Each structure stands twice: as structure tokens, then as C-alpha cells.
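Shown next, in C-alpha cells, is the structure this report addresses.
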Amino acid sequence: MELVPWITAMVYLTREASKLWRKISLETSVELQLLGEKWKFLLAGVIFQYIHALAARGVHYLHEPGPILKDLGFMYLPELGADRGYFSETLFTVIFFSFILWTFHPFIYHSKRFFTVHLWIRVLACLVICQILRITTFYSTILPGPNYHCREGSPLASLPPPNSIFEVLLINFPRGIVYGCGDLIFSSHMIFTLVFIRTYHKYGSNR
């Protein structure tokens, strides 16, 4: 009699695993078909992410450290300090990867509200538009970066002239992204965060 609950549980788990595998297989088949039709749009969006990073690195060569500009936001919300700089990056990393995982939940859950390929095309299209505007603004007006590594006296505040084109094209990730200067007229982190949150608010099932 003691084996009955275990047998029942094993039968249930086997049945649920089979249903989950069929769901994943079906969704994978549909998404691969969509990917075959729309891959050019996805590739263009991904390539532009590199172009955006390249533009941010380029403006770092032009950045010149200077006095920190007055900002009402920092007056009411003081900076965390140099030793707590990881907090912002950690929070953004959690949001970034949580969103990526969420976009693949239709492969598992039955409450389907979108196709993952279509969703990423829309997300990338929105990111590209925002990033074009961002590139235009930070090349039009290069402000002294307020971050600690962008201030006067920091060796990272400006980059020495590159020795070759490959030095510019080969972006040091993540150091080249985290320690950029001159591209903060509005934040890339904020662009990603707002687009991701707005996307979840529109397509998420538990908004």
C-alpha cells in the first residue's frame, strides 16, 4: 500500500513531462518557421546593437573630463558612491536576463499571448529607433561624464588615440560598455529597462 502514492506520483509526472515535451516541440517548430521567415529583421536588430556600442566607444575618444554639471536628480537622490557602483549594474543585469527568460515562456506555459520571434522583432525595432536618437544626441552635445571613472584625474576619462581601426572595432566587453564616457545625455540602461517593462506590461499575462 505504501507504493501506491509513489506509483501515482510517477504516473502523474510522466504524463506531465510528456505534455510539456509536446508543448516545447510544437512551439519550437512554429518559432523556427517564423525565424526562417523573419531572420533578416532579427539579424539587422542584433547588428545595430553592435553599431550602437561602436558609436558609444567612438564618443569616448572625444570625451573630455570637466566639472560635474548641476543635476536636480542627484540633489534629491544622492549618488551611491564609488564602492557601490555594482548595485546599478547588478539590478540592470537581473532585469535584462529576467526579460530574456520571460520572452521564452510560451515554449512552456499554455497561456500564450505572443510568438517569441515576433516579440523580439518589435523589441529590437523599438531599441533601434531609441538608439539612433541617442547616438544623434550624444554626438551633437558631448557632456562631461558624472561617473567616477569619467571625472578629471581618472585614467579612464578619455581614451588615447587608437593605433589601428581594429582597436576601435574590437570592443572590450563588458569593460568597454561599463566604463564608457560621453554618451550619457540619456542612458542606454534606461532605454533597455523602459522598453522591457513596457513590453511586459503590454504582453505579460500577470500585469
Fill in the blank from the handout: Fewest-first ordering of TYR203, TYR50 by Cβ atoms within 10 Å yields TYR50, TYR203
Completion exercise
Interchain or sequence-distant (5+) residues whose placed amide H lies within less than 5 Å of the amide H of GLY182 are GLY145
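Based on the Cα gyration tensor of the chain, what are the three equivalent ellipsoid semi-axes, each the root of five times an eigenvalue, rounded to whole Å and given largest first? List each step's numbers first, then the result.
On the way: eigenvalues 374, 93, 52 Å².
They are 43, 22, 16 Å, listed from largest to smallest.
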Completion exercise
Per the beta carbon screen (other Cys under 4.7 Å), unpartnered cysteines of the chain come out as CYS126, CYS130
Exercise for the section: Take the alpha carbon atoms of region 56-113, find their center, do the same for region 34-54, and report the distance between the two centers in whole angstrom. Expected result: 22 Å
Practice task
Before anything else, pin down the relative contact order of the chain: Cα pairs under 8 Å, at least 6 apart, normalised by residue count, whole percent.
Solution key: 35 percent
Handout entry: Dipole of the chain [Lys/Arg +1, Asp/Glu -1 at C-beta], most positive-end residue of LEU184, HIS52, LEU72
Key = HIS52
Exercise for the section: First select every other residue whose beta carbon is under 13 angstrom from the beta carbon of HIS105; then total the charges, Lys and Arg +1, Asp and Glu -1. Expected result: +1
Exercise for the section: Mind putting a number on the dipole of the chain about its Cα centre? Charges go on the C-beta only, +1 for Lys and Arg and -1 for Asp and Glu, and I need it in Debye to the nearest 20. Expected result: 840 debye
Practice task
Select from region 128-194 those chymotrypsin sites (Phe, Trp or Tyr not before Pro) which occupy a DSSP coil region and have at most 13 other Cβ atoms within 10 Å, ordered by residue number.
Solution key: PHE186
Handout entry: Label-point gap, in nm, between ILE185 and LEU77 - each point 7 angstrom along Cα→Cβ
Key = 2.2 nm
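Could you compute the FRET efficiency for LYS70 and HIS105, with r as their C-beta to C-beta distance and R0 at 30 Å, rounded to 0.05?
Values: r = 44 Å, r/R0 = 1.47.
Efficiency, from the Cβ-Cβ distance: 0.10.
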Handout entry: Label-point gap, in nm, between LEU42 and PHE166 - each point 7 angstrom along Cα→Cβ
Key = 3.1 nm
Exercise for the section: Take peptides 71-82, 97-108, 112-123 and line them up by average Cβ neighbours within 10 Å, highest first, as a rough protection proxy. Expected result: 112-123, 97-108, 71-82
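Which value does Rg/Rh take for region 44-155 over its C-alpha atoms, Rh per Kirkwood?
Details: Rg = 18.3 Å, Rh = 17.2 Å.
For region 44-155, the value is 1.06.
Counting other beta carbons within 10 Å of each Cβ, put LEU184, LEU170, LEU35 in order, fewest first. Each step should come with its number before you reach the end.
Details: LEU184 21, LEU170 11, LEU35 14.
Neighbour counts put them in this order, fewest first: LEU170, LEU35, LEU184.
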Fill in the blank from the handout: Rounded to the nearest 0.05, FRET efficiency between VAL94 and TRP21 (Cβ-Cβ, R0 35 Å) equals 0.75
Handout entry: Per-residue ³J(HN,Hα) for region 108-119, Karplus 6.51 cos²θ - 1.76 cosθ + 1.60, θ = phi - 60°, Hz, x for Gly and Pro
Key = 10, 8, 8, 7, 8, 10, 7, 9, 4, 4, 5, 4
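Values quoted throughout were computed directly from the atomic coordinates according to the rules given, and no laboratory measurement underlies them. From a predicted model like this one, the values you see are computed outputs, not experimental measurements. Don't worry about glycine lacking a Cβ; one is built from the backbone with ideal geometry, like all the others, and counts go over all protein chains shown.
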